[in-house]
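A quick write-up on the structure given underneath.
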Amino acid sequence: MGELLQDIEQWRLPLGRWVAQFVDWLTETFPAFFEFLTNVLLGAYEALADLFTWPPDVVMILILGVLGLLARGWKFGIGGTAALFLISLLNLWEPAMETLALIVGSVVIATVLAIPVGIAAARSDVVSNAVRPVLDFMQTMPPLVYLIPAIFFFGVGVVPGLIATIVFAMPPGVRLTELGIRQVDQEVVEAGHAFGSSPGEILRQIQIPLARPTIMAGVNQVIMLALSMVVLAGFVGAPGLGQEVLSALSRVEIGPGAEAGLSVVILAIYLDRVTAALGTRSGTSGRLAKLKGRLAKAK
Amino acid sequence: MAAIRAEGLYKVFGRRPDDVVRQLRDGASTEEVAAQGATPAVIDVGFEVQPGEIFVVMGLSGSGKSTLIRMLNGLLTPSAGHVHVGGRDVAELDAKSLRQLRSEEMSMVFQHFALLPHRTVLENAAYALKIRGFDKEARDKKGRDALNLVGLSGWEDKLPGQLSGGMKQRVGLARALAAETDIMLMDEAFSALDPLIRREMQDQLIDLQKRLDKTIVFITHDLNEAMRLGDRIAMMRAGRIVQIGTSEEILREPANDYVAEFVKDVDRTRVLTAASVMEPVSSPAASTDDSHGGYDTVAADTLLADVFAMTDRRPLPLAVVDGDNQTLGVIREQHLLHAMVSADAGQDREQEASHG
C-alpha cells in the first residue's frame with residue numbers, strides 16, 4: 001500500500017516525452033518538406049544578406065539615411081545617419097546587416113502570413129476564436145523553447161533562427177490586422193454594401209485602406225519582436241549581432257557586449273521610427289506621396 | 001404600380017425568430033416575446049410607396065425605422081414578409097442580383113454620411129459608378145454633375161475630412177444622385193446636422209425632388225422634418241406602423257393618443273392649408289359666383305401661416321378659391337381659431353372609446 005502511494009506521488013505526466021516523440025515523428029515522416037523549407041529560407045536570407053553587405057558601408061548608411069529622411073524628415077534623416085555610422089565605427093556593420101537581413105526575411109514572411117489570417121479572423125468569429133489561443137501560445141511560450149524543436153527540424157544556423165523569429169513575431173500582426181478591420185466604421189462598410197459592392201471590393205476599397213494605420217502598427221510590432229528574437233537566435237547559430245552578443249556573454253566581456261547591444265538598439269529605433277511613420281501617413285499626404293506626385297508631374 | 005411594396009414585414013433579432021414571428025401573429029405582445037430573449041424590431045409592417053413620392057417613416061429611436069429601411073434594400077433579411085421593388089421580391093434575390101438592385105435601382109444616404117475618408121469628394125460622389133464598372137471619364141462627368149446639383153462645384157479634389165458636416169452630407173446626397181437610381185433611401189440623413197443647415201438641406205431636397213422626381217423613403221425622428229418633406233408619413237411606434245397619411249391627415253385625425261401627443265408641438269400653421277380649415281360652400285350656384293360673396297380671395301393650397309399674414313391687408317372672412325377661380329369655401333375667424341386647437345383631442349378619445 002505504502003509503495004503504491006509512493007509510486008503515485010512519483011508519477012508524472014510525460015508531456016515532454018510525448019512532444020519529443022511527436023517532433024521525432026515529424027522529422028522522420030516529412031524530411032523532404034523540412035529540407036525544402038530550409039533551402040528556401042536559407043536562399044532568401046543569403047540573397048538579402050548579400051544585397052545589404054554588397055554596397056560599401058558608407059553608401060548603405062546613406063541609403064538608409066535618405067529613407068529615414070523621406071519617412072520622417074531631415075532631423076531624423078541626419079540623426080539616423082549619424083547613429084548608423086556609429087555602428088560602422090564600432091566595426092559591427094557587417095553583423096548588423098546580417099541581422100537586418102534576418103529581420104527583413106522573417107518580417108516579410110511573418111507579415112505575409114499574419115495579414116491574411118488577421119483578415120480571416122476579422123470576417124469570421126469562428127476563425128477568430130480558433131486563432132486566438134494559438135496566438136496566445138506563440139506569444140507567451142518562452143522564445144528559447146522554440147529554438148529547441150527548430151534545431152531538430154532545421155539543424156543549426158540561419159533557418160531555425162528565422163523560423164523561431166517568425167513564430168515569435170507573427171502574433172501582433174494577426175491581432176492588429178483583425179482589430180483594425182473590425183474597427184472600421186460599420187456605416188462606411190454598410191454604405192459599400194448599399195451601393196452594391198461585393199465583399200471583396202469592400203475589403204480592398206474600404207476595410208483594408210481604413211484599417212491601414214492599425215495594420216501598419218501591427219507590422220511595426222512584428223519588426224520590434226523580430227529584432228528582440230533575432231538576437232536570441234544567435235544561440236542556435238544564426239549570424240549577425242546575436243553572435244556578437246553571445247560571444248561577449250560566453251567570455252563575460254562587458255565592452256564588446258555593450259557595443260553589440262547598442263548596435264541592436266540603434267537598428268531597432270531606426271526601424272521602429274521608419275515603419276511607424278509609414279503607418280501613420282495616409283496615402284495622399286506625406287513625403288513619399290509628395291515625392292510620388294512630383295515624379296508623376298515630371299513625367 | 002407601386003415603386004416599393006412591403007407586406008407583412010417582421011424582423012426579430014435574437015433566438016428562434018420564426019417561432020417569435022408565429023407568436024406575434026397569434027397576438028403575443030412585444031413584452032411577452034422580449035421575455036424569451038427576442039427583440040422584435042419590426043412587427044407586421046405593410047405599405048406602398050408610389051413612384052415620385054417622398055414617403056417619410058417617422059418614429060423615435062428604437063421604433064424600428066432604421067431596421068425597416070435596411071430591409072428595403074436587403075441589408076437586413078426580413079424574418080417574415082416580403083419587400084417588392086419593381087416587381088421583384090428582395091428577399092428572393094441571390095447575392096449578385098441583390099448587388100445589382102442596390103447599385104442600379106436603390107441608392108442610400110446615411111446619417112453619419114459614411115464617406116470614404118481616403119477618397120476625394122469626386123471619387124466619393126462617383127463611388128456607385130465605379131462599382132458598376134463605368135470608365136473613369138464617365139464616372140468623373142456624372143460625379144461632377146451630381147456635385148453641381150448639390151452646389152459643391154469646386155470641391156471635387158478635397159478630402160471629406162476637409163468639409164463641414166453639411167457639405168459632407170451634400171457629398172452623400174451627390175453619391176446617391178450620381179448612381180441615377182429611381183429610388184433613394186435616406187436614413188436620418190439630416191439628423192446629425194445643425195438646425196439651420198438641416199433646414200437648408202431640406203429645402204435643397206424639396207427643390208431637387210421637383211426636378212428629379214425620385215421615389216424617396218426618408219427616415220426621421222423629427223416630426224417637423226417629416227411634415228415638411230413627406231407626401232405621406234408612416235408613424236412608427238415599437239416596431240409597428242400606427243398611422244399612414246398625409247401630414248394634414250395625421251394632424252387633423254391622429255389615429256391614437258400617441259400620435260396626438262406627438263403632433264401637439266407641430267407648427268400647425270405650416271402644415272394646414274386654407275382648404276383644410278374652410279367651411280365648404282353648400283350650393284353649387286355660390287361656387288360659380290364671380291364676386292365670391294363680396295369677400296377677398298385666397299388660394300386653396302395657401303398655408304395657414306400665409307393666411308394669417310394676409311389678414312392685415314385682406315379682412316376676414318376670406319373666400320377660398322381653386323385654380324379656376326371657383327369658390328370652394330369660406331374662412332371665418334372661428335375657423336382659424338379652431339384650427340389652432342390641437343385636433344379635437346377630446347373628440348378623438350371618444351371615438352376611440354366607442355371603437356374599442
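Please treat every number below as a calculation from the coordinates, not as lab data. A quick note: this is a predicted structure, and the numbers were derived from the prediction, not measured. Methodologically, a virtual Cβ is constructed for each residue, glycine included, from the backbone with ideal geometry; neighbour enumeration extends over all protein chains shown.
Using helices alone, I'd like the mean residue ellipticity at 222 nm for the protein assembly as shown: each DSSP H run of four-plus residues gives -39500 (n - 2.57), total over residue count, nearest 500.
-18500 deg cm²/dmol
Over the alpha-carbon set of the protein assembly as shown, work out the extent along each principal axis and list the three values in angstrom, largest first.
120, 84, 41 Å, listed from the longest principal axis down.
Given a cut-off of under 8 Å on Cα pairs at least six residues apart, what relative contact order in percent is computed for the range A:31-298?
24
Please identify the helices of chain A, taking whole runs of DSSP H, that span at least 20 Å along their own axis as judged from the Cα atoms and have a mean Kyte-Doolittle score of 0.0 or higher.
A:15-29, A:31-53, A:57-72, A:74-89, A:93-123, A:125-140, A:158-182, A:208-232, A:254-280
How far apart, in nm, are two points set 7 Å out from the Cα along the Cα-to-Cβ line at A:VAL66 and at B:THR269?
So the two model labels end up 7.5 nm from each other.
Compute the long axis of helix B:195-212 from its Cα atoms, compare it with the longest principal axis of the Cα atoms of chain B, and write down the angle in degrees, 0 to 90, nearest 10.
In chain B, helix B:195-212 runs at an angle near 90 degrees to the longest axis.
Relative contact order (percent) for chain B, with alpha-carbon contacts under 8 angstrom and 6 or more residues of separation?
Relative CO of chain B lands at 17 percent.
A:LEU144 versus A:ALA258, label points 7 Å from Cα toward the beta carbon: distance in nm?
2.5
Given labels modelled 7 Å from the Cα in the Cβ direction, how far is it in nm from A:TRP54 to B:ASP194?
Calculated label separation equals 6.0 nm.
Based on DSSP, what percent of beta bridges with both residues in the protein assembly as shown are antiparallel, to the nearest 5?
The antiparallel proportion sits near 55 percent.
Name the residue, out of A:ALA47, A:ALA277, A:ALA130, whose mean-square fluctuation peaks in a Gaussian network model built on chain A with Cα pairs under 10 Å.
Looking only at A:ALA47, A:ALA277, A:ALA130, the biggest GNM fluctuation is shown by A:ALA130.
Applying 1/(1 + (r/R0)^6) with R0 = 35 Å to the Cβ-Cβ distance of B:GLU7 and A:VAL40, what FRET efficiency is obtained, to the nearest 0.05?
0.05
Could you tell me how many degrees, from 0 to 90 and to the nearest 10, lie between the Cα long axis of helix B:95-104 and the main elongation axis, the longest principal axis, of the Cα atoms of chain B?
50
Once you average over the residues of A:185-191, how many Cβ atoms of partner chains fall within 10 Å of each Cβ?
Taking all residues of A:185-191 together, the mean is 6.
Give the separation of the Cα centroids, the range A:109-187 to the range A:229-254, in Å.
Centre-to-centre (Cα) distance: 25 Å.
Taking the Cα centre of the range A:31-298 as origin and charging only Cβ (+1 Lys, Arg; -1 Asp, Glu), how large is the dipole, in debye to the nearest 20?
Computed about the Cα centre, the dipole is about 1000 debye.
Working from Cα positions, state the angle (0 to 90°, nearest 10) between the long axis of helix B:136-149 and the longest principal axis of chain B.
That works out to roughly 20 degrees.
Pick from B:ASP222, B:ASP324, B:ASP203 the residue whose mean-square fluctuation is largest in a GNM of chain B, springs joining Cα atoms under 10 Å.
Result for chain B, Cα springs under 10 Å: B:ASP324 fluctuates most.
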